[in-house]
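Worksheet: one structure, shown below.
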Amino acid sequence: MGPLQIKEILQTAPENQSVVVKGWVRTKRESKNAIFVALNDGSTIHNIQAVAEPGQFAAELLLTVTTGSCLKVTGELVESQGSGQAVEVKIADIEVYGTADPEQYPLQPKKHSLEFLREIAHLRPRTNTFSAILRIRHALAFAVHQYFNDKGFFYLHTPVITASDAEGAGEMFRVTTLDLNNLPRTEEGAINYKEDFFGREANLTVSGQLEGELGAMALSKIYTFGPTFRAENSNTTRHLAEFWMIEPEMAFFELEDNMDLAEDFVKSVISYALTNCKDDLNFLQNRLTEEEKNKPQNERSLPLLEKLSFVVDNPFERLTYTEAIEILLKSKPQKEGKFQFPVGWGIDLSSEHERYLVEKHFKKPVILTNYPREIKSFYMKLDEDGKTVRAMDVLFPGIGEIIGGSQREENYEKLLGRVKEIGIDPENLWWYLDTRKFGTAPHSGFGLGFERLVQFVTGMGNIRDVIPFPRYPKSAEF
Ligand code: ATP
Ligand code: MN
């Protein structure tokens with residue numbers, strides 16, 4: 001089926017057999033004795049070298065073999081004369097599928113900035129950096145499905161379009177087919193959503209959790225893995241308007257089980273990448289080392305592979321929110337007035353606080369639990385003291401929050417009370433509340449932002465560089 005991939009050809013023993021290579025030219029180099037063309041088809045970070053003799057092909061043909069052009073090369077697979085590769089192709093025939101005018105093709109064989117590459121997101125997968133990231137992203141997605149399948153979870157497809165405005169309407173993207181220039185009005189002058197496609201207001205989902213819980217109350221262990229949308233106007237290196245979230249939801253899991261699962265799950269998928277993405281991780285590690293070359297020794301981060309192995313090999317630190325606040329209050333930046341935001345029981349930790357705990361104090365991933373109820377969602381189970389809820393956030397070095405989760409409130413009266421308290425009309429959530437009326441059960445779950453995981457594993461500083469076509473404020477070009 002189809003031609004051999006360059007990855008496969010590079011692993012083939014050279015016996016002067018004829019091979020066909022199809023790929024894009026990364027570089028062409030001419031010396032007195034030979035013409036070298038480096039071809040890549042994205043199957044691996046490594047190029048295959050194809051070699052021709054000077055004068056073997058017409059000058060006009062060779063002029064079209066430039067960086068970015070696409071070729072079919074036929075020739076013998078031979079042991080490489082040069083260093084750096086075991087095999088190479090002695091070209092017998094070249095077919096140029098597509099040229100790439102060097103005057104116009106924006107990707108030249110030199111270092112381009114990540115900012116520039118974002119402007120040409122349609123071509124950036126052809127760079128080493130982005131193809132490595134995309135292969136790792138794929139491997140992680142595969143590992144996610146494999147992990148849950150092995151553990152008896154079922155993949156539940158929750159809707160992308162939702163009508164429940166339960167999670168903070170300000171951050172949602174509206175879905176409508178109404179004519180914005182001619183909106184139907186009610187007698188009172190409000191927009192008449194009865195005439196809209198769904199007969200009510202609809203939005204893109206901010207989380208599959210509520211529907212995920214419905215699944216868990218039947219299949220026991222489910223997970224979702226799908227696109228999620230937040231219209232938050234935050235231009236940070238950790239937020240996208242469209243991202244992918246993995247949300248397992250488990251009946252009969254308490255907070256402790258939830259933490260155990262989260263930790264085992266993240267370690268397992270990172271470990272999968274370490275085993276299966278060695279070449280790409282090595283490439284990215286070198287790239288990062290190069291980037292930090294000019295920093296003083298003590299400001300350089302751990303080499304990427306060491307950082308990943310460290311996370312896999314060491315237990316995460318677990319402590320309560322209250323304990324974390326005590327640590328922060330006694331911390332050096334607090335005493336020296338270096339924190340931008342004030343610290344005190346009840347605050348929503350900001351990223352400087354999270355990073356202090358993870359990067360300075362514990363120097364490892366941290367799971368914080370039992371947050372004040374006021375700063376967490378209505379569906380989290382109340383602790384006995386009535387002040388805190390059974391929430392858990394997993395915080396990672398360089399990233400901050402990577403997972404947010406909790407044990408869910410399974411008591412109908414308590415949940416209804418919380419719904420009313422925060423001003424949601426229970427009518428809108430009748431189906432969610434029903435699960436607590438009919439065969440309720442203790443249950444838990446969490447959400448992992450897939451791009452934040454990919455960011456951690458690839459070491460990329462900006463979340464816009466770990467998704468093929470990022471969506472963020474004022475940007476939806478590709
Ligand atoms: P943050 O405080 O970082 O904005 P959050 O509290 O809004 O996160 P949750 O609603 O708990 O996050 O979502 C679960 C997970 O989804 C987060 O832990 C994070 O990994 C990821 N996530 C949340 N918002 C975004 C976003 N805008 N872009 C990418 N990932 C996100
Ligand atoms: Mn957020």
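The values are calculated or read from the model by the stated rules, or taken from the named source; none is laboratory data. Just so you know, these numbers come straight off a predicted model, no measurement behind them. Every residue, glycine among them, receives a Cβ derived from its backbone with ideal geometry; neighbour counts consider all protein chains shown. For accessibility, only protein heavy atoms count, side chains too; no ligands or nucleic acids. Shrake-Rupley method; radii C 1.70, N 1.55, O 1.52, S 1.80 Å.
Quick check: anything in the stretch 435-453 within 16 Å of ligand 1 (Cβ to nearest atom), assigned to a loop (DSSP other than H, G, I, E, B) and either farther than 30 Å from residue 290 by Cα or touching a residue at least 60 places away in the same chain (Cβ under 8 Å) (or both)? The answer is no; no qualifying residue exists.
Pairing residues of the stretch 304-319 that are more than 15 Å from residue 272 (Cα to Cα) and among the charged types (D, E, K, R) with residues that are at pLDDT 95 or above and surrounded by 15 or more Cβ atoms within 10 Å (Cβ to Cβ), at Cβ distances under 6 Å and at least 6 apart in sequence or on separate chains, gives 317/362; 317/364; 317/366; 318/367.
Need a quick list: strands (runs of 3 or more DSSP E) entirely within the stretch 48-111 having at least 2 residues that are of a type in the set (Asp, Glu), under 40 Å from the mean Cα position of the chain (by Cα) and outside the structural domain of residue 286 (by TED's automatic domain parsing). It comes to 87-98. Looking at (1) open to solvent by 20 Å² or more (accessible area, probe 1.4 Å); (2) not assigned by TED's automatic domain parsing to the domain that holds residue 46, find the lone condition where residue 143 falls short. Just one mismatch for residue 143, condition (1).
Residues in the stretch 365-410 that are of a type in the set (Lys, Arg) and over 20 Å from residue 260 (Cα atoms) were compared, and the one that is most open to solvent (accessible area, probe 1.4 Å) is 387. Within this structure, residue 232 passes the test of being touching a helix residue (DSSP H, G or I) at 6+ places or on another chain (Cβ under 9 Å), acidic (Asp, Glu), over 26 Å from residue 302 (Cβ atoms) and within 16 Å of ligand 2 (Cβ to nearest atom).
Close contacts from the stretch 187-205, counting a first residue that is within 15 Å of residue 173 (Cα to Cα) and open to solvent by 40 Å² or more (accessible area, probe 1.4 Å) and a second that is assigned to a loop (DSSP other than H, G, I, E, B) and acidic (Asp, Glu), with Cβ to Cβ under 9 Å and a gap of 6+ residues or different chains, come to 201/165. Looking only at the stretch 277-289, decide whether some residue is open to solvent by less than 20 Å² (accessible area, probe 1.4 Å), away from ligand 1 (no atom under 16 Å from the Cβ) and not in a helix (DSSP H, G or I). Taking every residue of the stretch 277-289 in turn, at least one turns out to be open to solvent by less than 20 Å² (accessible area, probe 1.4 Å), away from ligand 1 (no atom under 16 Å from the Cβ) and not in a helix (DSSP H, G or I). Of all the numbered requirements in (1) part of a strand (DSSP E or B); (2) closer than 19 Å to residue 265 by Cα; (3) not polar (S, T, N, Q), residue 227 misses one, and that requirement is (2). Restricting attention to the stretch 237-249 and to residues that are touching an Asp or Glu at 6+ places or on another chain (Cβ under 7 Å) and assigned to a strand (DSSP E or B), the residue that is farthest from ligand 2 (Cβ to nearest atom) turns out to be 249. On the stretch given as the stretch 454-478, residues that are under 22 Å from residue 136 (Cα atoms), assigned to a loop (DSSP other than H, G, I, E, B) and out of contact with any strand residue (DSSP E or B) (no Cβ under 6 Å at 6 or more places or on another chain) total 10. In the stretch 137-157, is there at least one residue being over 35 Å from the mean Cα position of the chain (by Cα) and assigned to a strand (DSSP E or B)? No: zero hits.
Going by what's in this entry, would residue 252 be described as open to solvent by 20 Å² or more (accessible area, probe 1.4 Å), outside the structural domain of residue 453 (by TED's automatic domain parsing), within 24 Å of residue 403 (Cα to Cα) and more than 16 Å from ligand 1 (Cβ to nearest atom)? It is true that residue 252 is open to solvent by 20 Å² or more (accessible area, probe 1.4 Å), outside the structural domain of residue 453 (by TED's automatic domain parsing), within 24 Å of residue 403 (Cα to Cα) and more than 16 Å from ligand 1 (Cβ to nearest atom). The lone criterion from (1) away from ligand 2 (no atom under 16 Å from the Cβ); (2) open to solvent by less than 30 Å² (accessible area, probe 1.4 Å); (3) more than 23 Å from residue 256 (Cα to Cα) left unmet by residue 336 is number (2). With respect to residue 265, is the statement that it is open to solvent by less than 20 Å² (accessible area, probe 1.4 Å), of a type in the set (Phe, Trp, Tyr) and within 15 Å of ligand 1 (Cβ to nearest atom) true? Taking the combined requirement at face value, the residue satisfies it. Picking from residues in the stretch 359-400 that are β-branched (Val, Ile, Thr) and without any contact (Cβ under 8 Å) to a residue 40 or more places away in the chain, the one that is farthest from residue 301 (Cα to Cα) is 389.
Would you point out the residue of the stretch 411-459, among those that are among the aromatic types (Phe, Trp, Tyr) and either away from ligand 2 (no atom under 16 Å from the Cβ) or surrounded by fewer than 19 Cβ atoms within 10 Å (Cβ to Cβ) (or both), that is nearest to residue 267 (Cα to Cα)? Looking at residues that are among the aromatic types (Phe, Trp, Tyr) and either away from ligand 2 (no atom under 16 Å from the Cβ) or surrounded by fewer than 19 Cβ atoms within 10 Å (Cβ to Cβ) (or both), I get 456.
Being open to solvent by 80 Å² or more (accessible area, probe 1.4 Å), in a loop (DSSP other than H, G, I, E, B), at pLDDT 95 or above and charged (D, E, K, R) is a condition met by no residue of the stretch 117-128.
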